[in-house]
Structure formats: structure tokens, C-alpha cells
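S.K.: Handing you this structure, nothing more for now.
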């Protein structure tokens, strides 16, 4: 007996004598319990019946039950996540209420002027433009303090002293004036423009965490 035959016999014996079962991935999800599995099987039977008879009554029954299965899956998945994160019932209820308020806000959306602004104020959300601005300026602060590996281009200069009366702020930079929009709205020109508008006491901060906290407070309060 050669080596190939030696390894073939154990595998053949395993296939013959060890029971095996093929499982689909959808039933292996930890939040899919036995009750949901039964509902899914019933949904599949309703689909086959509706496809066979092609009547409105059967299709409506299938769609209604499919919606019930989806609701049950969502609830089971949410409970699984909360249990895994060990979220308290009060926090879970607060999160659910917040999601319900968000859905109400989406359903009542209209194209009237000021609608988005009203939602942002109601849910106390920071606008995306402001969050991006904070991220850009904070990254620039880390770059000039050499806390991230972002090389500063050679054409980014600090203002020079022109006379004894003119004492420029050494924390600011000369504004870049590009000829092309493709560079005008890139990282360094946009960020330097915003950086130079910051108050002097904010530019003196060296700690990135403290700088970001006070920058966020400044931009979100205005």
C-alpha cells in the first residue's frame, strides 16, 4: 500500500460512518432562533403557492407574512446586539425612541426651505460641513506639530516681518491663491484659509486633544 492509498482509506471510512449534514448560512446566524426558522419556512411555502396560482389574494398573503418575518428578524437582531454589548433596558429604550424620532423626521420631510436646518436643530446634530472642517483643521494642527507623517509642501510659508511695527503671528500661514479650482479646493489651500481665521489663543495650543475640543466648541457654538 502506497502513501496515497494509506490516506484515502480513513477519509472513505469517515464518509461512510460519520453522519453529516449540510447547513445554509442564513440559519447559522446567532439571532435566528427556532421560531424565526419556522416563520421563514412558512414564508417560502406561501411564496411557492403564490407563484403557482398567481392570484392577488395569495400574493397579498405572502407579502404580509414576509413583512412580519422581517420585523421579527429585526427585533431579534436588535436584542442580540444589545445583549452582546450589555446595554441596559433604559439605554435600549432610549436608542429605540431616538430611531423612532428619526423615522418620523424622515417621513415628515418636505422640500420647503429650512426643513433640514430644523431637523438638525431638533436632533442636535452637527452639520456634515462643520464636521469635515473640524477634521481638516485638526489634521493640519497635527501635521505642523509633526504628530502625523504628512509632509508640508515647500510653498507653504509663514508671514515675514516687514518692519519693526509689523509683527505677524508666527502661527499663521501665507494664504495660497491658486489659479485652478482643482487646487483651490484641495486640502492645504482650504485648511490654511480656515486656519488663519481662528483666534490667536486657539493657535497657541499644542495638545491635539485640547485643540480639537476647543475648536469643536468654537465652530459648533457659532
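Bear in mind that the values in this text are calculations on the coordinates, not laboratory data. Worth saying up front: this structure is predicted, and the values here are computed from it rather than measured. Cβ: placed from backbone, ideal geometry, glycine included. Neighbour counts: every protein chain shown.
S.K.: Give me the one-decimal nm value for the distance between modelled label points at residue 80 and residue 125, 7 Å along each residue's Cα-to-Cβ direction.
M.R.: About 2.7 nm, to one decimal.
S.K.: Using 1/(1 + (r/R0)^6) with R0 = 22 angstrom and r between the beta carbons of residue 182 and residue 214, what's the FRET efficiency to the nearest 0.05?
M.R.: Efficiency at R0 = 22 Å is approximately 0.10.
S.K.: Turning to a different aspect of this structure: So what's the gap between the Cα centers of the range 26-64 and the range 135-159, to the nearest angstrom?
M.R.: 58
S.K.: What ranking of 35, 145 emerges when the number of other C-beta atoms within 10 Å of each C-beta is taken as an exposure proxy, fewest first?
M.R.: On the way: 35 10, 145 13.
Starting with the residue having the fewest Cβ neighbours, the order is 35, 145.
S.K.: Here's a follow-up. Taking square-rooted eigenvalues a ≥ b ≥ c of the alpha carbon gyration tensor, is the range 128-221 rounded, prolate or oblate, where a/c under 1.5 means rounded and, failing that, a/b exceeding b/c means prolate?
M.R.: Judged from the Cα gyration tensor, the range 128-221 comes out oblate (a/c at least 1.5, b/c at or above a/b).
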